[in-house]
Amino acid sequence: MVDWLVPLADLNFDGSEKEAVNAVLDSGWLAMGAGVQAFEEEFARLVGVKHAVAVTNGTVSLHLAALALGLGPGDEVIVPSLTFVATAAAILYVGATPVFADINGEQDLTISLDSIEERITDRTKAIFVMHYGGYPCDMPAVMDLAAKYGLGVVEDAAHAPGASIDGRGMGGWGHIGSFSFFPNKNLTTAEGGMVTTNDDELAEKLRRLRSHGMTTLTWDRHRGHAYSYDVVDLGYNYRMDEVRAAIGRAQLRKLPEANQRRRELTALYRELLAELAPDVTVPFQHHQGVSAAHILPILLPPGSDRIAFMERMKAERIQTSIHYPPIHTFTHYRENDQVVKVGLDNTENVAAREVTLPLYAGMGEEKVELVVRTVQQALQVVRAG
Ligand SMILES: *Cc1c(COP(=O)(O)O)cnc(C)c1O
């Protein structure tokens, strides 16, 4: 274990999470209580949607999105390859076929509209987009395209709680939005996730699938048998518990300020990198809307030895990462003949050069300066070597 001087990410915790957890433990009510419902209502308000459904993690929230849209065998779903593997895995869970689309380029690491349109066939049923780094995809254009071809849209907004375009939250543009509350995300509940939608029918389906496919008690009461229930779908237990919801509510109160801090630190990174390491590319210099500034991606100059660079950073106890090895290069996807994976030149160019630098709300400005100076030195060594 390296004792990092600057970790890649850090929790934004104070006493409020601990207090909230203790209150749940003292109450003795651990699941299916008022805390989850309150967290859902508060999160829906953040995103600006009618419905938010809390779940156990961001991967099952994508699974529920695919199920609720009725995707299945024979259906093609267009998805970026430059994302976490769960975005595409959710499509395979329901037996549908992922069709990988390219990103826009070195300055915009989100899915390309042209690339989406090129891949639309008679069998295309949906588009899954991902707001890379918390920077919004061009959702007005994605929704226009989807309407033209009658496609469902799922936003993987795991990086983007609190991001928006024209005041409308990311996760609230598509038919369904999906969030993750893993510890490295902007808002954490340890493990946790949320599905969002403005559609009443989709919301009911998501809630039912989250809890064993059971009809709700109110629905049963309505039908006159309040003491039993029916199971109308093959459902799951993907419910969030009260302990996690309590942590989430404490985190949610701090999110706007934490995101603002992330944006300020990102601006400082841009300024210092332009000055001290000008041949490094910092994507998203110009972007639509308000970013959640989830991570700080840079692209090394072409031909740099990325592993040597990351080793130099590690020697100075600065943690870095790669977002992401593209999904179409993973064995499980490479060897799957069903999966479509051609014409991903921008993805492959960017993915070979990308390194993620440390960024978290509690990061001091002197740490940003230290990281950038170390980047400058590491690049010199990597080039000379
Ligand atoms: C974290 C993440 C997920 C998965 O979320 P989990 O809560 O870890 O299951 C999905 N997509 C993206 C883009 C992510 O960053």
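Where a number appears in this text, it was derived from the coordinates with a stated rule and is not lab data. In this text the structure is predicted, and so the values were computed from the model without any measurement. When we count neighbours, we look across all protein chains shown, and the Cβ atoms used for this are built from the backbone with ideal geometry, even at glycine.
Overall, the stretch 15-251 carries a charge dipole of about 620 debye about its Cα centre when +1 sits on the Cβ of Lys and Arg and -1 on the Cβ of Asp and Glu, all other atoms neutral.
In the chain, inverting the average of 1/r over every pair of distinct C-alpha atoms gives 21.7 Å as the Kirkwood radius.
Projected onto the charge dipole of the chain (+1 at Lys/Arg Cβ, -1 at Asp/Glu Cβ, origin at the Cα centre), which of Tyr227, Thr83, Leu252 gives the Cα projection farthest towards the positive end? Checking the options against the dipole of the chain, the answer is Tyr227. The phi-based Karplus calculation (6.51 cos²θ - 1.76 cosθ + 1.60; θ = phi - 60°) puts the 3J(HN,Hα) values of the stretch 240-257 at 7, 9, 5, 5, 5, 4, 5, 5, x, 5, 5, 5, 4, 4, 9, 4, x, 5 Hz, whole numbers, x for Gly and Pro. Computed from backbone phi with θ = phi - 60° and the Karplus coefficients 6.51, -1.76 and 1.60, the 3J(HN,Hα) list for the stretch 178-183 is 9, 10, 10, 10, 4, x Hz; x is used for glycine and proline. For the chain, what is the percent of antiparallel DSSP beta bridges, rounded to the nearest 5? Looking only at bridges with both residues in the chain, the antiparallel portion is about 55 percent. Across the chain, C-alpha contacts under 8 Å between residues 6 or more apart give a mean separation that, scaled by the residue count, equals a relative contact order of 24 percent. Amide H contacts of Ile103: Ser112, Asn346, Thr347, each under 5 Å away and 5 or more positions distant or on a separate chain (H built 1.01 Å from N in the peptide plane; Pro and chain starts excluded). Please report how far the C-alpha centroid of the stretch 36-91 lies from that of the stretch 159-205, rounded to the nearest whole angstrom. Their Cα centres are 8 Å away from one another.
Per DSSP H run of at least 4 residues, take -39500 (n - 2.57); add these up for the chain, divide by its residues and hand me the 222 nm value, nearest 500 deg cm²/dmol.
-13000 deg cm²/dmol
Taking 22 Å as the limit for the C-alpha separation, the pairs Lys125/Lys148; Lys254/Lys314; Lys18/Lys254; Lys185/Lys254; Lys18/Lys205; Lys18/Lys367 exceed it in the case of Lys254/Lys314; Lys18/Lys205; Lys18/Lys367.
Among Tyr333, Tyr149, sorting on how many other beta-carbon atoms sit within 10 Å of each Cβ, with the fewest leading, yields Tyr149, Tyr333. Ordering Leu109, His159, Leu62 by Cα displacement along the dipole of the stretch 15-251 toward the positive end leaves Leu62 in first place; charges were set at the Cβ atoms of Lys, Arg (+1) and Asp, Glu (-1). The slack between Ala38 and Arg168, meaning 0.36 nm per residue of separation minus the straight C-alpha distance, is 44.7 nm. Using R0 = 41 Å, the C-beta based FRET efficiency linking Asn184 and Tyr227 works out to 0.40.
Within the chain, what's the longest run with no trypsin sites (Lys or Arg not before Pro) in a DSSP loop and at most 12 other beta-carbon atoms within 10 Å? Give the range, please. It works out to 224-385. Among Thr356, Thr97, Thr121, the residue with the largest mean-square fluctuation in a Gaussian network model of the chain, with springs joining Cα atoms closer than 10 Å, is Thr121. Counted over the stretch 51-172, the DSSP beta bridges are approximately 20% antiparallel.
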